[in-house]
Amino acid sequence: MSYIESNLTLKPNLTQDWFRGCKAIAKSQFWFFLLLALATTSNVIYTCTVPLVGFGAIAGSTLPRRRALATVMTVWLVNQVLGFGFRQYPWTITTFAWGLVLALGAILVTLLASLKLKLTQNALTTYCSWLGIALIAGFAVYQLTIWLACFVLGGCDSFTLPILWGIFQGNAIWGISLTTIHSLLVWDNLRLSQRH
């Protein structure tokens, strides 16, 4: 058998293994709670630009839809509790409305990312490609939600390219970091399952 033929015969097994590894991690409590712990940390680091897009993209892409939504809504809730309880966000209708707009944007990002095709979990390259698409498209949807709300709530002057670029960079760093952690967990799961 030639080298090319042997690669072709091994590839379906690797594809099936990757898919099984993704499913195993998605079902585990560890990944769910790790995302929540990291998200809580992000809430301490960031004041009002918590990376909801990065967490929504990875949660929607790697968890069942309900768990993904629960994760992102918990991230949002922790952000709101810290903001109103410790960071002294003003207790105004407008501030509460902005919080709801951020929740809506985070839900939309998570739902978009959860539309992943079965194909996207078949291999590392398609998985990473989908996460990149989910992150970029999710950021666009999230910012569009905020932009539309600013016509009612005010604050459209904050929509400048440097500000948006900075927010995107923060979300991208979290998204890439979380993707790396998830991929390592999948590979570790594959390594352990091959031992047994």
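Figures for the structure shown
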item	result
Inter-residue pairs, beta-carbon under 7 Å, first of a type in the set (Val, Ile, Thr) and in segment 175-187, second modelled with pLDDT under 90, 6+ apart	Thr179/Cys128; Thr179/Leu131; Val186/Trp18; Val186/Gly21; Val186/Cys22; Val186/Ile25
Segment 144-161 residues that are under 10 Å from Thr94 (Cβ atoms), paired with ones that are of a type in the set (A, V, I, L, M, F, W, C) (beta carbon under 7 Å, 6 or more apart)	Leu153/Ala97; Leu153/Trp98
Odd one out for Thr92, checked against (1) over 12 Å from the mean Cα position of the chain (by Cα); (2) of a type in the set (Val, Ile, Thr); (3) buried (at least 16 other Cβ atoms within 10 Å of the Cβ)	(3)
Options Gly175, Gly166, Gly154: the member that is farther than 16 Å from Trp76 by Cβ, surrounded by fewer than 20 Cβ atoms within 10 Å (Cβ to Cβ) and in contact with a helix residue (DSSP H, G or I) (Cβ under 9 Å, 6 or more places away or on another chain)	Gly154
When residues of segment 39-56 are limited to those that are at pLDDT 90 or above and of a type in the set (A, V, I, L, M, F, W, C), the one farthest from Tyr142 (Cα to Cα)	Phe55
Elements of type helices (runs of 4 or more DSSP H) contained in segment 57-166, each with 1 or more residues being farther than 30 Å from Lys23 by Cβ and modelled with pLDDT under 90	65-85
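The values are calculated or read from the model by the stated rules, or taken from the named source; none is laboratory data. Owing to the predicted nature of the structure, the values given are computational and were not obtained by experimental measurement. With ideal geometry, Cβ positions are generated from the backbone for all residues, glycine too; neighbour counts draw on all protein chains shown.
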